[in-house]
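The values are calculated or read from the model by the stated rules, or taken from the named source; none is laboratory data. For clarity, every value in this text was computed on a predicted model and none was experimentally measured. Virtual Cβ from ideal backbone geometry, glycine too; neighbours counted across all protein chains shown. Just so you know, the surface numbers come from the protein's heavy atoms only, side chains and all, with ligands and any DNA or RNA stripped out. Shrake-Rupley method; radii C 1.70, N 1.55, O 1.52, S 1.80 Å.
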Amino acid sequence: DGTKAAAPEPKVQTEVRRVPQSLEEVDNGQILGFGADLAEDHPGFKDQAYKDRRMAIADIARAHRVGDPIPRLEYTSEEVHVWNTVLRELRGLYPDGACAEFQRCFPLFDFKEDVVPQLEDLSQILKRETGWQIRPVAGLLHPRDFLNGLAFQTFHSTQYMRHPSKPMYTPEPDLCHELLGHVPMLADPDFCDMVHSIGVASLCADDSQIWHLTKIYWFTVEFGVVLEGDEKKAFGAGILSSYGEMEHMRTGKAYFVPFDPHAKQPKMSYKDGYQNRYFVLKSFKDGAQKLRDYCSDITPPDIMVEREISGQAFKEICM
Ligand code: HBI
Ligand code: FE
């Protein structure tokens, strides 16, 4: 007879993904970029001893389990020298360039020039101040996993030092960037509140929303500035951990725009020089509020949530 084969069902693009219920479920995160090999333009590309050291430190991170203390590392005199150089250089910038919250929190960690701080000690201080913690990670985490960690008040931090040939430069996160840029701010409750809302939103975000949240994170947590009177002060880790970036931000070579999480965010630039545009928060409280408002609009349109997110987080974000 004349009946045709039934037309195929139209494919509905549905992504099924398990929403992490706990930090343990964020654990099997993919590490992007640097594994056994460093990129050709990395300062340590030709340094086998450096690469071996990196691999040994990465193994510690891979073996770490949630709840265990972070293993202490004995840093070499070369690594201590890098830390010393970077700390001395940057410390001088903070009185004028860093925001008040950073200046209040920085002394809590009592950084010493001749001792590379241990992640475990810093994590204990954060727990006491804001309830946040640090987990060691082998390298650049996939943005989804990285952001998901924030929902569980956890900051994934690298534990290796940048290459000694270029103490004032690193193409990837390293200890100096994490400890001087990120860790002090995580002792401030309003800042933590803001970062937490990004993390919670990421739990049930689809891929395009993750991309948007990654940019929001980039233009605030990495490169944000906050108003103090009519002055702009740095709270972004990429500014606080770079002498050149701080100078650039402060000497008027860039322009400033109010931060709006709803707006289409510009392209993130990773390596090519400094930011030409910085986003400004009126205050952390205001920023945290704006972000929470934005996040409450995030619904998971294209995913089927396999298990519900329990508690407040799910109610705030997904319903
Ligand atoms: N991974 N280890 C590590 N450290 C970061 O600072 C980091 C990351 N992955 C992604 C990321 N930062 C952000 O740039 C956003 O993609 C969330
Ligand atoms: Fe960073």
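Brief remarks follow.
- Cross-link pairs K166/K267; K112/K282; K166/K290; K127/K290 - those with Cα-Cα distance over 31 Å: K112/K282; K166/K290
- Inter-label distance for R91 and E247, nm, one decimal - labels placed 7 Å from Cα along Cα-to-Cβ: 2.0 nm
- Remark: spin-label model distance K127-R62 equals 2.7 nm, labels positioned 7 Å along the Cα→Cβ axis.
- Added length on full extension, which subtracts the Cα-Cα distance from 0.36 nm per residue, E228 to S165: 19.0 nm
- The label-point distance for E24 and A49, in a model that sets each label 7 Å from Cα toward Cβ, rounds to 4.2 nm.
- Surface calculation, 1.4 Å probe, protein heavy atoms: R17 sits at approximately 40 Å² accessible.
- Accessible area of S77 (1.4 Å probe, protein heavy atoms only, ligands and nucleic acids ignored): about 100 Å².
- Rg over Rh [alpha-carbon atoms, Kirkwood Rh] for the stretch 206-280: 0.96
- Structural size metrics of the stretch 95-162, computed from C-alpha coordinates, are Rg and Dmax of 13.4, 36 Å.
- Local electrostatic count, K232, Cβ distance below 15 Å [Lys/Arg +1, Asp/Glu -1]: -3
- Placed amide H near H156: partners under 5 Å, 5+ positions off or other chain: R135
- Other residues within the sphere of radius under 10 Å centred on the Cβ of E79, judged by their own Cβ, net out at 0 (K and R +1, D and E -1).
- Highest to lowest packing among 188-195, 222-229, 273-280, scored as the average C-beta count within 10 Å: 188-195, 222-229, 273-280
- Once Rg and the Kirkwood radius are both taken over the C-alpha atoms of the stretch 128-202, their ratio Rg/Rh works out to 0.99.
- Sequence ranges 257-268, 230-241, 85-96, ranked by mean other-Cβ count within 10 angstrom, highest first: 230-241, 85-96, 257-268
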